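Quick note: the coordinates plus some simple rules give every number you see, no bench work behind them. A quick note: this is a predicted structure, and the numbers were derived from the prediction, not measured. Cβ placement follows ideal geometry from the backbone for every residue including glycine, while neighbour counts extend to all protein chains displayed.
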Amino acid sequence: MILLLASKRDIAGMNIAQQIIQLHSFKEMPQEFDGYPVYEQKIANEKVLLAFTDKELIKSQGVTKHFQPKLIVFLSRHASQAGTPTLSVHTPGNLTSQAKMGGLPKKISISPASKMKKTLTTMAKLVQERGLEYDVSYECTHHGPSLDTPAMFAELGSTIMQWKDIDAAEIVAKAVIEAIKNFSLYPTAIGIGGPHYNRKFTKIALTSGTAFAHIIPKYVIPEIEEKMIQKCVERVVEKVETAILDWKGIKGEHKPKIVKALEKLNIKIEKV
């Protein structure tokens, strides 16, 4: 079973969820979660549930006490100071001891790299076909919840204007469903270095067969321990064989630590 979860506090998430219900004829079930009906549909022979919560999604740490899915997709708004219209995907979890935005300190969720890649590539394809002015991007691993279940966020942002954009919400909805239908496993890498929205890693995923799992951005590298790099390799659905480093996006003083940790894990290193 796959779970899709949206927050009643989130305009964008609710719009994405509504598009999923309409486009794929999800049926309301007697089952409830957080006092709201749960919707169900079978997609590619897979049972898919769509549920709603009163909590912000980053605070939904306890969701697996109620559901035991093989994958959770959080349907969410995206916000940024720049306000750039953006569709994005990422794995939730905290790379450091900071857990100010939900989840648990130093705990990352399991990354569904192939599902994220399919979501990203479908978003990019539909944005281009429809001529919408949106960036499509990976984000680094960040914020809660921190789950022992494969989990990803599919987001629409970055301001209220975009959160209310039904055309963009439809693209995210379609991309999520295409990811659910996709059973391919792609060659998988972790990404290290560069900004929160790494254009290099996004371009690689959109122009090659590579899927990215966890992405460690430049701004958290000073706090990253060798053990966390190991977790980023291990807590992935697919087998990670490569680490792609945004070499200019890593300070020189931190490069030896990262290279040493990856060599100990027998992970191939590529610099971009």
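Numbers for the structure displayed
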item	result
Rounded tilt (10° steps) of 166-181 against the dominant C-alpha axis of the chain	70 degrees
For the range 65-105: rounded, prolate or oblate by the Cα gyration tensor [a/c cutoff 1.5]	oblate
The chain, relative contact order in percent, only Cα pairs under 8 angstrom and at least six apart counted	20 percent
The chain: angle of helix 113-130 to the longest principal axis, Cα-based, in degrees nearest 10	70 degrees
Most mobile listed residue (GLU225, GLU170, GLU155) in the chain, GNM with C-alpha springs under 10 Å	GLU225
Given LYS100/LYS255; LYS107/LYS248; LYS27/LYS203; LYS8/LYS200, the pairs whose alpha carbons are separated by over 29 Å	LYS27/LYS203; LYS8/LYS200
Gaussian network model of the chain, springs between alpha carbon atoms under 10 Å - residue of ALA189, ALA169, ALA79 with greatest fluctuation	ALA79
Ellipticity estimate at 222 nm from DSSP helix runs (n ≥ 4, -39,500 (n - 2.57)) divided over the chain, nearest 500	-9000 deg cm²/dmol
Relative contact order (%) - the range 126-272, alpha-carbon pairs under 8 angstrom, separation at least six	25 percent
Lys, Arg +1 and Asp, Glu -1 on Cβ, resulting dipole of the range 2-271 about Cα centre, debye, nearest 20	700 debye
Convex hull volume per residue for the range 2-271, taking Cα atoms only, in Å³	116 Å³
Between helix 11-24 and the chain: long-axis angle, C-alpha atoms, 0 to 90°, nearest 10	60 degrees
Chain lengthening between ILE166 and LYS227 when straightened (0.36 nm per residue, less Cα-Cα)	17.7 nm
Gap separating the Cα centres of the range 25-75 and the range 148-221, nearest whole Å	21 Å
Rounded if a/c under 1.5, otherwise prolate or oblate - the range 92-200, Cα gyration tensor axes	prolate
Cα gyration tensor category, rounded, prolate or oblate, for the range 43-86 with a/c compared to 1.5	oblate
Fewest-first sequence of LYS271, LYS118 by Cβ atoms within 10 Å of each Cβ	LYS271, LYS118
Label-to-label distance, nm, for residues given as GLU234 and GLN31 (7 Å Cα→Cβ offset)	3.1 nm
